[in-house]
1. With only alpha-carbon pairs counted, each pair once and no self-pairs, how large is the Kirkwood hydrodynamic radius of the range A:19-130 in angstroms?
2. Please compute, for peptide B:147-154, the average count of beta-carbon atoms on other protein chains lying within 10 Å of each residue's beta-carbon.
3. Mind listing the Cα extents of the range A:106-198 along all three principal axes, in Å, largest one first?
4. With a ≥ b ≥ c taken as the square roots of the eigenvalues of the C-alpha gyration tensor of the range A:1-48, please select rounded if a/c is under 1.5 and otherwise prolate if a/b is larger than b/c or oblate if it is not?
5. Please state the charge dipole magnitude for the range B:28-154, taken about the Cα centre, from unit charges on C-beta atoms (+1 on K and R, -1 on D and E), reported in debye and rounded to the nearest 20.
6. Please report Rg (one decimal) and Dmax (integer) in Å for the Cα set of the protein assembly as shown.
7. Each label point is 7 Å from the Cα along the Cα-to-Cβ direction; what then is the distance between the points at B:Thr29 and A:Ala52, in nm?
8. Go ahead and collect, in residue order, the members of the range A:51-77 whose backbone nitrogen is under 13 Å from a label point 7 Å along the Cα-Cβ direction of A:Ala99.
Amino acid sequence: MAWTLCLVPVLGTGSATTDARRPKYVTAGIKWGGTDYGFEPWMLIAADLTPAQVTSLQAQADAMVLPSTLDALLTAGQVTTVQTTLEALPVPAEWVTTALTWRTVIRAVLGMFRFMAVFARRFFQMTGTTTPVFTTGVDLTRTFLSLPGPVRQTLSDTADELRLDRTGVISTTTLRQLLKSIGLQMAQRPLAIGEMGV
Amino acid sequence: MPALDNDAFTYADGVLETVSAAKFTKLSTHNSLTVSSNAVTGTGADAMAVVTSWAGSTTAQYSEAVAGALDANGIGVMIFMDAVNTGYLYEIGDADSVFYKHVGGVITQLGSPATAGVPAHAYRCYMQTPGTLVGSDNGVDKITLPGETSIVSGKPGLFVYGGTPRLDTWVAGDFNEPTPPLAQIYPYDVVQKIG
């Protein structure tokens, strides 16, 4: 058994404890911990898996298993895979290069997920809705000013709650730039997922 | 961890909110809790209530209750609740115990389940340090979830799923964990810079 980092879809509607949002492919008896990407249907988790379970998960088209050696540099092929996978969620990933280790990439991405989890709570408190941010017409190219008012306000409030620096955010800042900045800032903090420090 | 509020539910059978003089408020989108034989039961799936008036800390608190009877879903204790539909739930059943996060009615499981609950045991949910959620069984920590920062404040409360399980003798108070300095929470430890 070894703690393994995975990006997986979310199962469950979240409408009741009997149908809670939970990570796909993580069956009963597997220890895991993770962070959801706000109300988006994705989770970044660490799960305690057997080699056979890792192999099974690697075979799933909609899951991404991250290497166990976090301090290795990404290869060119891995950069392409990571960028393609993250951008589809969508999570900004154009900054991922072969000059970065897996640890650096994971810490920044985990930071974005953590931010979005807090954003989701604040967004519901403000609007009473649980609509994902990335709905019809909203993608990473959207500028801060073009976002709905409650989304803009909640992004600002979330940054303040997490004591993030948002002084560089202006009307033309895109969601891509915003989330990347958040990931970089969150990566400066101690981060744990499941029983792993990353 | 001094107790700041408690309830043994020694009322006539009926609706919890009414017979206990509005001590608890039902979460707006969930089922009611009722009192039966001096214990609390649910009236359907995911019945939740938050204490109406809370003078304790909203950021360092615990919620604890005794399991009267259990089934697969069971009873639960909650912290950091609002009166609408947000909070952390430590649910104890006769099959396992597990944490959930409720954010705006969207329920997300947190981590993997621990061992089954035991009737007459006391179950406690608390935020050990900012971001580390803990569930305990008779004083023994069973689940520890680091890195859970989605919900940071609120009031304690309780949960019962369905009509079979029963919850008794609720108590809540402050969890007196000193707040670490910001530099300890957010030290600069990045060794690589993203270009």
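Every number here is computed from the coordinates shown, using simple stated rules; none is lab data. Note that the coordinates shown come from a computational prediction; the quantities given were computed from them, not determined experimentally. Here Cβ is always computed from backbone atoms with ideal geometry, including for glycine, and neighbour counts include all displayed protein chains.
1. Numbers: mean 1/r = 0.0653 Å⁻¹.
By the Kirkwood definition, the hydrodynamic radius is 15.3 Å.
2. Numbers: counts 15, 6, 8, 11, 3, 5, 0, 0.
Across B:147-154, the average partner-chain Cβ count within 10 Å equals 6.
3. 37, 28, 23
4. Numbers: a/c = 2.58, a/b = 1.45, b/c = 1.78.
Cα axes put the range A:1-48 in the oblate bin.
5. Once rounded to the nearest 20, the dipole reads 200 debye.
6. For the protein assembly as shown, the Cα-based Rg and Dmax read 21.2, 70 Å.
7. Reported label-point gap for B:Thr29 and A:Ala52 is 4.1 nm.
8. none
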